[in-house]
Amino acid sequence: MTRGRKGEGTRYISIFKRAIKEDMQKSKTAMKTMGPPKVEVPSPKDFLKKHSKEKTLPPKKKFDRTEPKKPPVPLRSDHPVMGVQSEKNFVSSNAADVIMGVAKKPKPIYVDKRTGDKHDLETSGLVPKYINKKDYGVTPEYICKRNEEIKNAQEEYDNYIQENLRKAAMKRLSDEEREAVLEGLKKNWEEVHKEFQSLSVFDSMPKKTHKQKLEEKMKQLEHDIGVIEKHKIIYIANK
């Protein structure tokens, strides 16, 4: 809505005013009810009747017996057979069974407290039943098989080494030579260690370099000593 020019008394009215007003009115009235505005009203004739909500059962079927009938119940006029007696003497029979029967051995138990707590002796581990077995102390078959495989593998390895010794002319150190080499390495390590302990303060570069060389030498000697002590058989190549 706008005003006209100066000097004119008429006002401008939009041609869409009525349509906009109707649209606004429709959008407002749409939210006034819960659900659709027009609901179909039920007929008064369709009122709720008694048992109308109950489920209907299926029609009855005729029962056909396929299994045979049980024997009939005795009649009231039927009487059981009376006067039947046994000639067995149950007192003498029971006494004979007890006299001739083997006495039942008591179950072995052990008591571990002064209050008399009893426990089964067989499952306690106090009975030496495993050492009385026939195969007690016998080496199992799988261990014998494994030892045989290890022995064969060692023989093959020794043959391979001997063959290489013949080809490469390698020499095996004897036990005396091995001990002599080991003692010499240990003696050298002691000398280097003594020299390392007698070093003065490392206040110059030459002293630090000398210290590093001694440490590397001690480390190499320790490695060589460990290798010789670990391996009993040592081969050396001839020059």
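Cβ-Cβ distance of K194 and D158, R₀ of 41 Å, FRET efficiency by 1/(1 + (r/R0)^6): the value works out to about 0.50.
Determine, from the Cβ-Cβ distance of V102 and S124 and an R0 of 30 Å, the FRET efficiency 1/(1 + (r/R0)^6), rounded to the nearest 0.05. The value I calculate is 0.70. Measuring between alpha carbons in the structure, the pairs from K105/K129; K17/K38; K207/K230; K145/K230; K129/K151; K104/K134 lying more than 24 angstrom apart are K17/K38; K207/K230; K145/K230; K129/K151; K104/K134. Amide H contacts for I234 (H built 1.01 Å from N in the peptide plane; partners 5 or more residues away or on another chain; cut-off under 5 Å): L173.
Between S174 and L214, how high is the FRET efficiency from 1/(1 + (r/R0)^6) when r is the Cβ-Cβ distance and R₀ = 30 Å? Nearest 0.05.
E between S174 and L214, to the nearest 0.05, is 0.40.
Which aspartates and glutamates does K217 reach when only Cα atoms under 19 Å apart count, and residues fewer than 8 places away in its own chain are ignored? Straight-line reach from K217, under 19 Å: E183, E190, E191, E195, E229. Of all the accessible heavy-atom surface of the chain, with the other protein chains kept in place and a 1.4 Å probe, what percent is carbon and sulfur? Solvent-exposed carbon and sulfur of the chain make up 56 percent of the total. In straight-distance terms, cross-link reach from K107 covers every one of the aspartates and glutamates whose alpha-carbon lies under 12 Å from its own, apart from those fewer than eight places away in the same chain; here that gives D120, E122.
Under the combined filter of DSSP loop state and at most 15 neighbouring Cβ atoms within 10 Å, the range 83-134 retains these trypsin sites (Lys or Arg not before Pro): K88, K104, K113, R114, K129, K133, K134. When the surface is traced with a 1.4 Å probe over the full set of protein chains, H223 keeps roughly 110 Å² accessible.
In a fully extended conformation the segment linking V227 and Q25 would gain 62.4 nm over its present Cα-Cα distance, using 0.36 nm per residue. For the residues S77, S204, S43, a GNM of the chain with alpha-carbon springs under 10 Å puts the largest fluctuation on S43. In units of the compact-protein estimate 2.2 N^0.38 Å, the chain shows a Cα radius of gyration of 3.24. Putting +1 on Lys and Arg Cβ atoms and -1 on Asp and Glu Cβ atoms, find which of I131, P74, I234 reaches farthest to the positive end of the dipole of the chain. Checked the options; the winner is P74. Rounded to the nearest 500, the 222 nm mean residue ellipticity of the chain from helices alone is -14500 deg cm²/dmol, with -39,500 (n - 2.57) taken per DSSP H run of at least 4 residues.
The values are calculated or read from the model by the stated rules, or taken from the named source; none is laboratory data. Predicted model only: the values in this text are computed from it and were never measured. Please note: Cβ atoms are built from the backbone with ideal geometry, for glycine as well, and neighbour counts cover all protein chains shown. Ligands, DNA and RNA are stripped out before the accessible areas are found, and what is left, the full protein with its side chains, is counted by its heavy atoms. Shrake-Rupley method; radii C 1.70, N 1.55, O 1.52, S 1.80 Å.
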